[in-house]
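Participant: What follows is a single structure, and I will ask about it in a moment.
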Amino acid sequence: MAEEKDLKLTPNQDVASPYLEAVQALILAKKSEGQVHYDELTEKIASPYGLDADGIDTLIQIVEDNGVSVVGDDGGPTKQQMVREEEQLQADLAAESKTATS
């Protein structure tokens, strides 16, 4: 089980807030299962703390960086995650293309 000090929450780990404490508690609770449903993440963190789309993306990244997958109804990645992965793939391909032509 991950220790609290081992969690990757923010670039500045010394920042303490109710939001980060809630994220940390959720990660620690879900670490043994290895996954959390997107709806649960929304219900327990995103809605109570008023996260916008960028905030939810950041939250998902934090949760996944700490070894907990965020899953949709079918148990697979959420639509939002697939879009983000596609955008990252396109950015990587563009960077490779730019490097190859230099």
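Participant: Kindly indicate whether any position in the stretch 13-26 is assigned to a loop (DSSP other than H, G, I, E, B), in contact with a Phe, Trp or Tyr (Cβ under 6 Å, 6 or more places away or on another chain) and either modelled with pLDDT under 90 or among the β-branched types (Val, Ile, Thr) (or both).
Facilitator: For the stretch 13-26, residues assigned to a loop (DSSP other than H, G, I, E, B), in contact with a Phe, Trp or Tyr (Cβ under 6 Å, 6 or more places away or on another chain) and either modelled with pLDDT under 90 or among the β-branched types (Val, Ile, Thr) (or both): absent.
Participant: Please enumerate the residues belonging to the stretch 29-52 that are within 14 Å of residue 70 (Cα to Cα), aliphatic (A, V, I, L, M) and surrounded by 14 or more Cβ atoms within 10 Å (Cβ to Cβ).
Facilitator: Result: 36, 41, 45, 46.
Conditions (1) of a type outside the set (A, V, I, L, M); (2) touching a Phe, Trp or Tyr at 6+ places or on another chain (Cβ under 6 Å); (3) in a helix (DSSP H, G or I); (4) at pLDDT below 75, marked per residue:
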| residue | (1), (2), (3), (4) |
| --- | --- |
| 64 | yes, no, yes, no |
| 70 | no, yes, no, no |
| 73 | yes, no, no, no |
| 82 | no, no, yes, yes |
| 85 | yes, no, yes, yes |
| 91 | no, no, yes, no |
| 95 | no, no, yes, no |
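The values are calculated or read from the model by the stated rules, or taken from the named source; none is laboratory data. This is a predicted model, so every value here is computed, not measured. Please note: Cβ atoms are built from the backbone with ideal geometry, for glycine as well, and neighbour counts cover all protein chains shown.
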